[in-house]
Amino acid sequence: MELVRREDPQLQEVVWFAVRCRALTLLLQASAVFNMLIPDHAADAFSPPRLSEPSPWDVLVEWLLGGLSHWDAEHFLFIAEHGYLYEHNCAFLPLYPLSLWAVARGALWPLQWLLRLQSRLLLSAVLLNSLFSALAAAALYELGRVVLRRRRVAFLAALLFSLSPANVFMAAAYSESMFAFLAFTAMWQLEKGQSWLSGLLFSLASGARANGLINAGFFLYSQGKRFALQLQVGPGSLRKLPLLWKQVLSLASSAILMSAGIFLPFAVFQYYAYVRFCSPGTGLDRTIPEPLLQLARDKGYHPAAMDGAKPPWCSQRVPVVYSYIQDTYWNVGFLRYFELRQIPNFLLALPVTILVSWAAWTYVSTNPRHCLTLGLERSKSEEEEKPRDGFCCPSAFVYVVHATALLAFGFFCMHVQVLTRFLGSSSPILYWFSAHLLQEHEPLLWSAGTDNPPSGRSVLGESPGSCGKGTPDNPVVRLLLNWRLITPLSKGILGFFLCYWLLGLLLHCNFLPWT
């Protein structure tokens, strides 16, 4: 995959900025910095016992990187080490823990004499997430170039991704970085016309996070739009088209195959869970260490095939363990989170809710007819080959719909505080719209160039990243260095990204509740 091309210095800056931000994140979360400010909170969260004594090197890894193994990260690391022993582990899909297991037992195998498996898994998570986050930033840049057709906005959006308000979850042992990389790359390949490669990547994404299933809508919309636009060509061209029924059959078969491929990893995992927990004696059972059985007794966890009792979901007409766990263990459901005591969590989700809602309103108010026709009508600008570019371009429609659907589902049906990382790892809209607002309303970014409002020279000096000829200016660094000069809107956007990044590190890495 040609993600880093030598002839594109902006892409190189995106990758290097992502690497530097990840290094800073790892430095700040280290016990030597933030844990000296706030001691770890004794949270009532999943915290399995360690089955072996740590070596001095294990203690060092835990001291440096232990803040990245809290909350849901404990589940991913536990699954990678022990498999799906407890029923509620099945809320976490297998691609990410399998990747951790492969790196820990493969690339990091020589370290087995120094580090126990749990430490190697944590180290694998740090290495993989650093790689995935840099590649996701590059993929977002390429996707923005294709969809928005404004290089500077795509560049700014990719830089903002490295400062994501969900940054702590991109660094911790969570699947967000992997999912963002797979989803953004799949979207980019689909825009390039690489349908089968895009389908493969979307399929892998659905093996990492369940919300990857909704990505089937990108492929279905792409095929439907292509068919609808073909029907609107002139009579002369219409004679050259295949018969309508053949086109419909080809479209339907392609849509069914691709959607089935995207749903396949999730369906296979549900079948595995059914066999694991509902069919004792199938060969998947193995001895569970006594400390883990004792943890199950103390906490009320349900190990696989314990006493031969089947969980209630095994008797459902369609036994889907994922939805059962979300309902039973986490009380996820429509309006279930709408309680007075959850007001602080709604406030945590307020910034990202406002930004994505504002993005949707801006797009709809700018393109009312395009939205009413679902983008399936050939516009005059498209016929003249001069379509609008930027955030409000026709090509961004499906991404706005996707982000709005995720926002609505997350706000009404999920634990609302996770909206920040839910949207930050799944949709480019948060970054595209933030970059659009900065580019349109920040005078300090109005320098000469095709993507900027007409004005003279930039009033800013060179940023530290632009040291020589051919090295692109980093607009995010420039704005931060000139904080006093930027507009309140720019301060609000950058303040949101930076505050959530730093607060997330401070709270999450010390086992305090966060998004």
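For the stretch 480-490, give me the residue count where each residue is part of a helix (DSSP H, G or I) and either more than 20 Å from Val352 (Cβ to Cβ) or in contact with a Cys (Cβ under 6 Å, 6 or more places away or on another chain) (or both).
Counting residues in the stretch 480-490 that are part of a helix (DSSP H, G or I) and either more than 20 Å from Val352 (Cβ to Cβ) or in contact with a Cys (Cβ under 6 Å, 6 or more places away or on another chain) (or both) gives 5.
Could you list, in sequence order, the residues of the stretch 184-193 that are farther than 14 Å from Gln223 by Cβ and in a loop (DSSP other than H, G, I, E, B)?
Lys192
Condition check: at pLDDT 95 or above, more than 30 Å from Ser175 (Cβ to Cβ) and open to solvent by 50 Å² or more (accessible area, probe 1.4 Å). Does Pro488 satisfy that?
yes
Name the pairs: first residue in the stretch 320-347 and farther than 30 Å from Tyr274 by Cα and outside any helix (DSSP H, G or I), second residue open to solvent by 70 Å² or more (accessible area, probe 1.4 Å) and not small (Gly, Ala, Ser), Cβ to Cβ under 9 Å, at least 6 apart or on different chains?
Sorted first by the residue in the stretch 320-347, then by its partner, the pairs are Phe338/Phe412.
Among the residues that make up the stretch 125-139, is at least one of them of a type outside the set (Val, Ile, Thr), closer than 27 Å to Val59 by Cα and not in a helix (DSSP H, G or I)?
no
I'd like to verify a number: residues in the stretch 70-117 that are of a type in the set (D, E, K, R), farther than 29 Å from Lys299 by Cα and not in a helix (DSSP H, G or I), how many?
Going through the stretch 70-117 one residue at a time, the tally reaches 0.
Among Phe179, Phe132, Phe184, which is open to solvent by 10 Å² or more (accessible area, probe 1.4 Å) and under 13 Å from the mean Cα position of the chain (by Cα)?
Phe132
So in the stretch 406-430, with the set limited to residues that are in contact with a Gly (Cβ under 8 Å, 6 or more places away or on another chain) and part of a helix (DSSP H, G or I), which one is nearest to Asn211 (Cα to Cα)?
Residue satisfying both the conditions and the ranking: Phe422.
If you check Arg50, Arg120, which single one turns out to be among the basic types (Lys, Arg) and not in a helix (DSSP H, G or I)?
Just a single option satisfies the conditions, and that option is Arg50.
Testing Arg226 on (1) over 22 Å from Ser162 (Cα atoms); (2) among the basic types (Lys, Arg); (3) at pLDDT 95 or above, one condition comes back false. Which one is that?
Single failed check for Arg226: (3).
Looking only at the stretch 491-513, filter to residues that are assigned to a helix (DSSP H, G or I) and of a type in the set (A, V, I, L, M); which one of those is surrounded by the most Cβ atoms within 10 Å (Cβ to Cβ)?
Leu505
Table: residues versus (1) out of contact with any Asp or Glu (no Cβ under 6 Å at 6 or more places or on another chain); (2) surrounded by 15 or more Cβ atoms within 10 Å (Cβ to Cβ); (3) at pLDDT 95 or above.
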{"residue": "Leu430", "(1), (2), (3)": "yes, yes, yes"}
{"residue": "Leu445", "(1), (2), (3)": "yes, yes, no"}
{"residue": "Thr450", "(1), (2), (3)": "yes, no, no"}
{"residue": "Leu460", "(1), (2), (3)": "yes, yes, no"}
{"residue": "Gly470", "(1), (2), (3)": "yes, no, no"}
{"residue": "Thr515", "(1), (2), (3)": "yes, yes, no"}
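Can you say whether Arg120 is charged (D, E, K, R), surrounded by fewer than 21 Cβ atoms within 10 Å (Cβ to Cβ) and more than 24 Å from Ile354 (Cβ to Cβ), as far as the supplied structure shows?
Here the answer is no, as Arg120 does not meet what is asked.
For the condition charged (D, E, K, R) and under 22 Å from the mean Cα position of the chain (by Cα), what is the one hit in Glu74, Glu62?
Just a single option satisfies the conditions, and that option is Glu74.
Any idea which of (1) of a type in the set (Ser, Thr, Tyr); (2) more than 23 Å from the chain's Cα centre (by Cα); (3) not in a loop (DSSP other than H, G, I, E, B) is the one Tyr301 doesn't satisfy?
All conditions are met except number (3).
Quick one: would you say Val352 is buried (at least 19 other Cβ atoms within 10 Å of the Cβ), at pLDDT 95 or above, in contact with a Pro (Cβ under 8 Å, 6 or more places away or on another chain) and under 30 Å from Tyr431 (Cβ atoms)?
Yes, satisfied.
Among what's in the stretch 280-322 and is aromatic (Phe, Trp, Tyr) and closer than 19 Å to Phe269 by Cβ, pick the residue that is modelled with the lowest pLDDT.
Trp313
How many residues, within the stretch 332-349, are open to solvent by less than 80 Å² (accessible area, probe 1.4 Å) and under 23 Å from the mean Cα position of the chain (by Cα)?
7
Give the residues of the stretch 165-188 that are aliphatic (A, V, I, L, M) and farther than 16 Å from Cys21 by Cα, sorted by residue number.
Ala173, Met178, Ala180, Leu182, Ala183, Ala186, Met187
The values are calculated or read from the model by the stated rules, or taken from the named source; none is laboratory data. A quick note: this is a predicted structure, and the numbers were derived from the prediction, not measured. Cβ: placed from backbone, ideal geometry, glycine included. Neighbour counts: every protein chain shown. Note: accessible area is taken over every heavy atom of the protein model, side chains too, but ligands, DNA and RNA are not part of it. Shrake-Rupley method; radii C 1.70, N 1.55, O 1.52, S 1.80 Å.
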